[in-house]
1. Take the range 1-41 and flag every residue that is within 20 Å of ASN61 (Cβ to Cβ), β-branched (Val, Ile, Thr) and in contact with a helix residue (DSSP H, G or I) (Cβ under 7 Å, 6 or more places away or on another chain).
2. Please count how many residues of the range 1-38 are aliphatic (A, V, I, L, M) and assigned to a strand (DSSP E or B).
3. Can you find even one residue in the range 41-62 that is at pLDDT 90 or above, surrounded by 12 or more Cβ atoms within 10 Å (Cβ to Cβ) and in contact with a Leu (Cβ under 8 Å, 6 or more places away or on another chain)?
4. Going by the structure shown, is VAL45 part of a loop (DSSP other than H, G, I, E, B) and of a type in the set (A, V, I, L, M, F, W, C)?
5. What are the residues in the range 1-39 that are loosely packed, with under 10 Cβ neighbours inside 10 Å, under 21 Å from GLU64 (Cα atoms) and of a type in the set (Lys, Arg), if any?
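The values are calculated or read from the model by the stated rules, or taken from the named source; none is laboratory data. Remember, it's a predicted structure, so these values are computed and weren't measured experimentally. All Cβ positions, glycine included, derive from the backbone under ideal geometry; neighbour counts span all protein chains shown.
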Amino acid sequence: METKIKISDELVMNQIYIIRGHKVMLDSDLAVLYGVETKQLKRQVKRNAERFPEDFMLELNTEEQ
């Protein structure tokens, strides 16, 4: 059986950043929300890229990191 956990709106809102004029969440923050490792989340997104809009994910350049 699937366990559902309620996550507060405030918790999610505090993890949204503005980068290049877009609202984004870091992969590490999303992984915590989903209860998986960051590398697992990224692997699944890459495997299922066709399911996401083209602007779904961006990578920071060295200056932005």
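1. Passing the criteria: only THR38.
2. Step one: of the range 1-38, the residues aliphatic (A, V, I, L, M) are 1, 5, 7, 11-13, 16, 18-19, 24-26, 30-33, 36.
Add one more test, that the residue is assigned to a strand (DSSP E or B), and what stays is 16, 18-19, 24-25.
The total comes to 5.
3. Yes, the range 41-62 has at least one match.
4. no
5. Those that are loosely packed, with under 10 Cβ neighbours inside 10 Å, under 21 Å from GLU64 (Cα atoms) and of a type in the set (Lys, Arg): ARG20, LYS23.
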